[in-house]
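The values are calculated or read from the model by the stated rules, or taken from the named source; none is laboratory data. It should be emphasised that the depicted structure is a prediction, and the values quoted were computed from it without experimental measurement. With ideal geometry, Cβ positions are generated from the backbone for all residues, glycine too; neighbour counts draw on all protein chains shown.
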Ligand SMILES: [Zn+2]
């Protein structure tokens with residue numbers, strides 16, 4: 001901090017006591033702020049905006065209004081800070097007597113230091129000033145992503161599936177800030193812009209009620225044989241909500257070689273054998289008469305006809321990739337009481 005005529009001041013405490021102000025140095029007057037902003041270009045909108053991570057960013061200072069012992073000295077823009085000095089100097093001169101032409105006036109926010117060259121740097125007085133600062137301040141803040149929950153019958157009751165991760169957005173808020181002697185007395189929101197769009201998190205909330213299987217588990221799980229027997233295969237798509245096409249996958253896909261024999265899982269009657277027009281391709285469906293129905297889709301060939309009675313282990317067709325399919329596999333369906341249930345619960349993952 002520099003003061004008059006080369007004198008170096010380390011602390012304000014070294015200075016003579018300030019004269020007591022005539023009245024309360026400031027009353028914030030609403031009207032003045034508006035005037036200042038009207039008369040001081042340029043507008044904030046024309047300023048380049050930069051993105052920072054910190055909360056408070058660029059500060060565009062429109063101008064200062066300097067008051068000396070309660071009366072206005074003048075308005076100056078930030079660009080012309082020296083004008084503060086000359087304006088204050090003029091004012092000080094007008095007080096005459098003890099404050100002749102001062103060689104140096106140091107603008108230090110609240111204080112103007114007046115010194116005279118003939119006193120070789122001695123500080124004559126410390127005159128209390130009040131400085132009103134009006135500026136625009138841009139602040140960046142996060143716009144919290146929301147969680148949008150949508151009920152879905154593609155997902156079982158009690159389960160949720162996140163179909164899109166949320167991401168917070170970035171808001172730019174511009175405030176008009178008025179300070180008096182470095183202390184904020186008012187803040188006014190001028191504009192708010194969405195710099196980065198927020199992405200809400202999208203969650204499916206399951207509504208599908210799973211069918212309850214008969215209480216006698218041994219009867220259910222012991223009553224079937226696996227339709228591909230001991231042929232090499234693996235589960236390529238499980239039962240339930242399927243993310244890639246946002247669908248409910250109503251069976252289990254067992255990938256296997258083309259032509260692998262497919263056997264009836266239990267005794268029953270063929271209720272469908274032929275080309276299905278909903279995407280199953282060549283399809284066989286067997287009603288086992290105990291509440292269970294099994295289905296065998298995407299077959300390359302069909303070995304039964306509608307109405308046939310089949311025994312457990314009879315071949316009903318061969319693995320293929322007909323219908324809505326991208327590779328050789330058996331889409332195996334199990335229905336109980338008319339509702340789809342998870343084939344893996346009965347046949348395992350192989
Ligand atoms: Zn499938």
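Does residue 264 satisfy the criteria of being under 22 Å from residue 232 (Cβ atoms) and surrounded by fewer than 22 Cβ atoms within 10 Å (Cβ to Cβ)? Talk me through it step by step, then tell me what you get.
Values: under 22 Å from residue 232 (Cβ atoms): yes; surrounded by fewer than 22 Cβ atoms within 10 Å (Cβ to Cβ): no.
Spelling it out, it is not the case that residue 264 is under 22 Å from residue 232 (Cβ atoms) and surrounded by fewer than 22 Cβ atoms within 10 Å (Cβ to Cβ).
For the structure I just gave you, tell me whether residue 247 is at pLDDT below 95 and either under 44 Å from the mean Cα position of the chain (by Cα) or away from the ligand (no atom under 15 Å from the Cβ) (or both).
For residue 247, the condition - at pLDDT below 95 and either under 44 Å from the mean Cα position of the chain (by Cα) or away from the ligand (no atom under 15 Å from the Cβ) (or both) - is met.
I need the full set of residues from the stretch 305-337 which are free of Cβ contacts under 8 Å to residues at least 40 places away in the same chain and surrounded by 20 or more Cβ atoms within 10 Å (Cβ to Cβ), in order please.
Matches in the stretch 305-337: none.
Could you tell me which residue of the stretch 280-294 is nearest to the ligand (Cβ to nearest atom), considering only residues that are part of a loop (DSSP other than H, G, I, E, B) and in contact with a strand residue (DSSP E or B) (Cβ under 8 Å, 6 or more places away or on another chain)?
The extreme case among them is 280.
Does residue 291 count as modelled with pLDDT under 95 and under 24 Å from residue 234 (Cβ atoms)?
For residue 291, the condition - modelled with pLDDT under 95 and under 24 Å from residue 234 (Cβ atoms) - is not met.
Determine, yes or no, whether residue 327 is away from the ligand (no atom under 13 Å from the Cβ) and assigned by TED's automatic domain parsing to the domain that holds residue 227.
Against the criterion (away from the ligand (no atom under 13 Å from the Cβ) and assigned by TED's automatic domain parsing to the domain that holds residue 227), residue 327 does not qualify.
Contact list please: Cβ distance under 9 Å, first residue in the stretch 250-263 and without any contact (Cβ under 8 Å) to a residue 24 or more places away in the chain and within 18 Å of residue 279 (Cα to Cα), second residue more than 9 Å from the ligand (Cβ to nearest atom) and in a strand (DSSP E or B), pairs at least six apart or on different chains.
none
Check 297, 218, 255, 231 and return the single one that is at pLDDT 95 or above and more than 15 Å from the ligand (Cβ to nearest atom). Reasoning before the result, please.
Working: 297 fails: more than 15 Å from the ligand (Cβ to nearest atom); 218 fails: at pLDDT 95 or above; 255 fails: more than 15 Å from the ligand (Cβ to nearest atom).
After applying the criteria, what remains is 231.
Among the residues of the stretch 258-270, which ones are closer than 17 Å to residue 298 by Cα and either within 11 Å of the ligand (Cβ to nearest atom) or not in a loop (DSSP other than H, G, I, E, B) (or both)?
261, 262, 263, 270
Could you say which residue among 307, 338, 274 is out of contact with any helix residue (DSSP H, G or I) (no Cβ under 8 Å at 6 or more places or on another chain), away from the ligand (no atom under 16 Å from the Cβ), over 19 Å from residue 253 (Cα atoms) and at pLDDT below 95?
After ruling out the rest, the residue left standing is 338.
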